[in-house]
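Below you'll find the structure, written out as structure tokens, and then a few comments.
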Amino acid sequence: MTVSLVKRAFKYRFYPTAEQAAELLRTFGCVRKVYNLALAARTEAWTRQERVNYNQTSAMLTEWKKTEELAYLSEVASVPLQQCLRHLQTAFTHFFAKRAGYPRFKSRKKSRLSAEYTTSGFRFRGGKLTLAKMAEPLDIVWSRSLPQDAKPSTVTVSQDAAGRWFVSLLCDDPSVRPLSAMDVTVGVDMGLEHLLTLSTGEKVTNPRHERRDRVALARAQRNLARKAPGDGANRVKARRKVARIHARIADRRRDHLHKLTTRLVRENQTIAIEDLSVRTMVKNRSLARSISDAAWSEFRHMLEYKAAWYGREVIVVDRFFPSSKLCSACGRLAGSLPLHVRTWTCEGCGTTHDRDVNAAKNLKAAGLAVSVCGAGVRPQRRIPGGQPTTKQKTSWREL
């Protein structure tokens with residue numbers, strides 16, 4: 001059986017010359033301008049109940065370049081401009097399929113600075129990457145090796161808020177192959193006191209990356225707040241300092257999550273996690289900072305795509321499944337169980353449970369039920385004095 005190669009992005013930091021930085025900044029500005037112009041044109045057509053597709057916006061781009069006002073669009077590489085129109089087309093496709101909201105205009109200050117080049121917009125030879133409109137290759141720090149005989153299909157150049165430059169090369173990675181199957185299932189309960197609790201009883205400490213830099217971040221933010229909008233270079237320096245602290249926190253958090261998710265995928269065939277409504281949970285002002293720092297959504301995203309790479313299975317248990325209150329020994333459902341109660345004793349069998357370990361065991365059981373027989377894990381709702389409703393496949397009491 002032929003196994004298709006996995007497309008994988010390899011991201012590196014690079015240090016552009018003054019000329020390259022100026023060229024890239026011009027390109028970023030033109031990409032943002034073309035995207036906003038095309039979005040405005042499509043929005044206007046939308047108000048007239050008409051649809052404008054990618055081919056029509058591409059023709060508009062050609063006409064824009066001929067005008068005196070937008071003639072500067074011809075001074076940068078054309079490939080990133082065409083790519084931003086394709087990205088806009090994708091955004092509208094998701095909108096019409098009701099998978100996303102209506103596309104928004106790119107902001108000069110808040111939007112990500114990036115430009116995407118396809119094979120016609122760059123040259124990669126002998127480990128040297130040269131972009132269109134540039135005479136010299138980029139000075140890339142090759143922190144890890146590309147796959148042997150790698151041929152990038154796209155190259156994305158970006159600059160973050162801290163002023164760092166990155167280049168991402170999308171290549172086929174033959175080293176990503178399904179791992180040998182194993183009969184190991186684990187339940188994973190996510191929390192704040194402990195970042196992860198496994199059904200084996202292991203608890204992974206929450207590093208609380210943001211807390212380590214909280215004092216330095218507060219000092220930098222106060223310094224930025226004292227800078228008036230017209231302070232020019234001083235305000236830019238203060239903003240960059242805040243951004244560098246945020247970047248340092250995010251880098252540490254991402255590195256930790258990569259190590260955790262890689263380990264879980266390598267050691268387990270099936271991983272059961274809970275479907276947490278993070279967007280709703282962060283509305284709790286007393287816990288919002290800690291929840292954001294835990295990055296549960298990023299953890300789930302990493303776990304799912306790595307499981308797809310290596311032939312593992314991630315089962316997401318419904319958020320209404322009472323994993324904490326359900327006794328993993330006898331199946332009895334406890335009554336009220338406030339968050340501050342970390343251990344509790346089952347009234348049915350007398351077993352004393354650690355709240356998080358018990359939840360992880362119940363998630364594992366629910367995951368096994370799904371993987372073995374396809375049972376649902378959404379708790380049934382009962383009408384007063386009646387039978388369970390038929391909206392769910394099975395009750396959590398049957399697990």
Within segment 277-302, tally of residues that are within 21 Å of V317 (Cβ to Cβ), surrounded by fewer than 16 Cβ atoms within 10 Å (Cβ to Cβ) and touching a residue at least 24 places away in the same chain (Cβ under 8 Å): 1
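For segment 60-70, does any single residue satisfy the condition of being of a type outside the set (A, V, I, L, M, F, W, C) and surrounded by 17 or more Cβ atoms within 10 Å (Cβ to Cβ)? Spell out the reasoning first.
Let us first name the residues in segment 60-70 that are of a type outside the set (A, V, I, L, M, F, W, C), namely 62-63, 65-69.
Remaining after also requiring surrounded by 17 or more Cβ atoms within 10 Å (Cβ to Cβ): none.
Checked segment 60-70: no residue is of a type outside the set (A, V, I, L, M, F, W, C) and surrounded by 17 or more Cβ atoms within 10 Å (Cβ to Cβ).
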I271 vs. criteria more than 23 Å from D160 (Cα to Cα), surrounded by 15 or more Cβ atoms within 10 Å (Cβ to Cβ) and in contact (Cβ under 8 Å) with a residue 24 or more places away in the chain: yes
Matching residues, segment 54-80, being assigned to a helix (DSSP H, G or I) and either farther than 16 Å from G29 by Cα or touching a residue at least 60 places away in the same chain (Cβ under 8 Å) (or both): Y54, N55, Q56, T57, S58, A59, M60, T62, E63, K66
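Just to be sure before I move on: is Q83 without any contact (Cβ under 8 Å) to a residue 24 or more places away in the chain and either assigned to a helix (DSSP H, G or I) or farther than 23 Å from F122 by Cα (or both) in the structure I sent? I'd like the intermediate steps shown before the answer.
Working: without any contact (Cβ under 8 Å) to a residue 24 or more places away in the chain: no; either assigned to a helix (DSSP H, G or I) or farther than 23 Å from F122 by Cα (or both): yes.
The answer is no for Q83.
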Test: residue in segment 237-257 that is without any contact (Cβ under 8 Å) to a residue 24 or more places away in the chain and in contact with a strand residue (DSSP E or B) (Cβ under 6 Å, 6 or more places away or on another chain): no
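Out of V184, V157, V167, V176, report the one residue that is at pLDDT below 95 and within 28 Å of K11 (Cβ to Cβ). Before the answer, list the steps.
Numbers: V184 fails: within 28 Å of K11 (Cβ to Cβ); V157 fails: at pLDDT below 95; V167 fails: at pLDDT below 95.
Among V184, V157, V167, V176, only V176 is at pLDDT below 95 and within 28 Å of K11 (Cβ to Cβ).
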Matching residues in segment 1-24 - criterion: being surrounded by fewer than 18 Cβ atoms within 10 Å (Cβ to Cβ), aliphatic (A, V, I, L, M) and in contact (Cβ under 8 Å) with a residue 40 or more places away in the chain: V3, L5, V6, A9, A21
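Which of the helices (runs of 4 or more DSSP H) contained wholly in segment 248-327 include at least 1 residues that are assigned by TED's automatic domain parsing to the domain that holds T345 and touching a His at 6+ places or on another chain (Cβ under 8 Å)?
Details: elements: 278-281, 288-294, 296-310.
Because the criterion is at least 1 residues that are assigned by TED's automatic domain parsing to the domain that holds T345 and touching a His at 6+ places or on another chain (Cβ under 8 Å), the helices (runs of 4 or more DSSP H) in segment 248-327 that meet it are 288-294, 296-310.
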Number of the exception - L88 against (1) more than 21 Å from W165 (Cα to Cα); (2) of a type outside the set (K, R); (3) modelled with pLDDT under 95: (3)
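Could you tell me whether R51 is in a helix (DSSP H, G or I) and either in the same structural domain as A91 (by TED's automatic domain parsing) or on the phi > 0 side of the Ramachandran plot (or both)?
Details: in a helix (DSSP H, G or I): no; either in the same structural domain as A91 (by TED's automatic domain parsing) or on the phi > 0 side of the Ramachandran plot (or both): yes.
So R51 fails the test.
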Residue within segment 5-19 that is within 30 Å of D139 (Cα to Cα), within 30 Å of the chain's Cα centre (by Cα) and of a type in the set (G, A, S) present: yes
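Of everything in segment 86-104 that's assigned to a loop (DSSP other than H, G, I, E, B) and surrounded by 13 or more Cβ atoms within 10 Å (Cβ to Cβ), which residue is nearest to the chain's Cα centre (by Cα)?
Residues of segment 86-104 assigned to a loop (DSSP other than H, G, I, E, B): 97-104.
This time we only want the ones that are surrounded by 13 or more Cβ atoms within 10 Å (Cβ to Cβ), so: 100, 103.
Details: A100: 15, P103: 18 Å.
In this case the residue turns out to be A100.
The values are calculated or read from the model by the stated rules, or taken from the named source; none is laboratory data. What you see is a predicted model, and the numbers here were worked out from it, not measured in a lab. Positions of Cβ are generated from backbone atoms using ideal geometry, with glycine treated the same way; all protein chains shown enter the neighbour counts.
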